[in-house]
Amino acid sequence: MVLSLAVVCIVSLSLLAVHGSRAAEDEAVTSPYAQWHSGPPADADYFPIAVWLQGPQNAPRYKAAGINLYIGLWKGPTEQQLEELARHEMPVICSQNEVGLAHIDNPIIVGWMHGDEPDNAQAVKDPVSGQSAWGPCIPPEQIVDDYEQLRQKDPSRPILLNLGQGVANDEWHGRGAGAKLSDYETYVKGGDIISFDVYPVVGIRKPDGENYLWYVPKGVDRLVRWTEGRKIIWNCIECTSISEAGKRATPQQVKAEVWMSLIHGSTGIIYFVHQFEPTFCEWALLQDAEMLEAVTAINAQIASLAPVLNSATVQGAVQVTSSDPEVPVDVMAKRHQGTTYLFAVGMRNGPATASFEVADLPATCTAEVLGEDRQIEVKDGRFSDEFAPYAVHLYRLR
């Protein structure tokens, strides 16, 4: 649970209770992937960092950027695609077509997927005129039925369902006639890994989309709630201009979207790296040196903290007070191998000073700010730090 902004009260307690008791904080957490013997790795140091619908030929470049998973294959999987992914040791979650089922023993396939965004309006063609138009979304009950069929054909791998921006954006009109928010309560029953995409800066049709990064954690919160915390939640992140030529999220905004996701309960990140305007480029991230460097650094930090991120979130361990009630700072607490970690992010496009109060610490200790080469003194469990707009600070307390 992450507390929402309140005008009167500026105390924001932002903790997702994956496991509830204090006594279990340092116990080993069983990987959710352990239930599938052909699924993603169940190692404690594995955290899914994926890229959406990319050609296998670029797998080495993505691996160098910290990507460890492909999601989707264009008109695939084909024999050639699977061969090349195997050569580059890049696992994939892909469609369950004839080729995929013929490779049911191939360890490079670690999951199956539905078609993308079934909750959005679907293209239909008039059988008489041949004219194309937009019809309604795929009924959620059909997605649940399809899930059961996919699972029956291969119960050894998880099924991924990726939903559209309607998960978070209540103004989105792209879902078609008759669609309603409550549909999602059924949609989420149609997969083992539930993901969604919303791209606030370039994908929600707002001129000031940079002020709506909080749509990302809003969608994660909803998926956690709709699944009652019983399913694996991933989400997609923007890092290119997509269809808004000349505009994209900044590297800092991308980092904020990633850590907002993780702090609110996402356990897997999928980068959307296509560009459609002014010209099409499937691998636009690889052509943007500044963003590629930033994404590589984000991924390296996630990978280094994977055992911590995969450990239980500690309920009630920290309170954070923002100096500005319009700029909440959200935080997640972990205790791993006797050390306390706090992961915090500014939730709005403005600066604030955050004051933290952490339970069960020595009278004096130090908060090391990871990746920033600085330390903060902690007295009686209390310390403060400055947050620039959308700043991310990761603390190791000892």
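Just so it is clear, none of the values below were taken in a lab; they were calculated from the coordinates. For clarity, every value in this text was computed on a predicted model and none was experimentally measured. With ideal geometry, Cβ positions are generated from the backbone for all residues, glycine too; neighbour counts draw on all protein chains shown.
To the nearest ten degrees, helix 289-304 and the longest principal axis of the Cα atoms of the chain are 70 degrees apart. Sequence neighbours fewer than 8 away in the same chain don't count; with that in mind, list the lysines whose C-alpha is under 16 Å from Lys218. Leaving aside lysines fewer than 8 places away in the same chain, none come within reach of Lys218. Relative to the longest principal axis of the Cα atoms of the chain, the long axis of helix 140-153 makes an angle of roughly 80 degrees. With a threshold of 18 Å on the Cα-Cα distance, the over-threshold entries among Lys255/Lys379; Lys75/Lys247; Lys206/Lys247 are Lys255/Lys379; Lys75/Lys247. For the residues Tyr212, Tyr341, Tyr62, a GNM of the chain with alpha-carbon springs under 10 Å puts the largest fluctuation on Tyr212.
FRET efficiency for the pair Leu101 and Glu282, taken as 1/(1 + (r/R0)^6) with r the Cβ-Cβ distance and R0 = 22 Å, rounds to 0.25.
Go ahead and estimate [θ] at 222 nm for the chain from helices alone: -39,500 (n - 2.57) per DSSP H run with n ≥ 4, summed, over the residue count, rounded to 500. Don't skip to the end; give the middle numbers.
Details: 10 runs with 87 residues, N = 398.
When only DSSP H runs of four or more count, the value is -6000 deg cm²/dmol.
Amide H contacts for His336 (H built 1.01 Å from N in the peptide plane; partners 5 or more residues away or on another chain; cut-off under 5 Å): Tyr341.
Under the simplified labelling scheme, the Trp134-Arg230 pair shows an inter-label distance of 3.3 nm, with each label point 7 Å from Cα along Cα→Cβ. Computed over the chain with a Gaussian network model linking Cα atoms closer than 10 Å, the most mobile of Asn349, Asn169, Asn106 is Asn106.
Can you list the residues, at least 5 places off or on another chain, whose amide H is less than 5 Å from the amide H of Thr366, using H built in the peptide plane? Residues meeting the criterion, in which the H sits 1.01 Å from N, are Val378, Arg398. Ordering 278-288, 200-210 by mean Cβ neighbour count within 10 Å, with the highest value first, yields 200-210, 278-288.
With only Lys, Arg, Asp and Glu charged, each at its Cβ (+1 for the first two, -1 for the last two), find how big the charge dipole of the stretch 33-309 is about the Cα centre; round to the nearest 20 debye.
Details: 21 positive and 35 negative charges, 57 e Å.
The calculated dipole for the stretch 33-309 is roughly 280 debye.
Given the Cα-Cα distance of Gln337 and Asn349 and 0.36 nm per residue of separation, how much length would full extension add, in nm? Walk me through the numbers before you get to the answer.
Numbers: separation 12, 0.36 × 12 = 4.32 nm, distance 3.46 nm.
Roughly 0.9 nm would be gained on extension.
The fraction of Cα-Cα pairs per 10 angstrom bin, counted from 0 for the chain, comes to 5, 22, 33, 26, 11, 3, 0, 0 percent, rounded to whole percents. Each residue, Ala177 and Lys153, gets one label point 7 Å from its Cα in the Cβ direction; the gap between the two is 3.2 nm. In the distance distribution for the stretch 114-255, Cα-Cα pairs more than 18 Å apart total 59 percent. For the chain, the longest principal axis of the alpha carbon atoms and the long axis of helix 251-263 meet at an angle near 80°. Amide H contacts for Ile232 (H built 1.01 Å from N in the peptide plane; partners 5 or more residues away or on another chain; cut-off under 5 Å): Ile194. When you restrict to C-alpha pairs under 8 Å that are six or more residues apart and normalise by the size of the stretch 33-309, the relative contact order lands at 18 percent.
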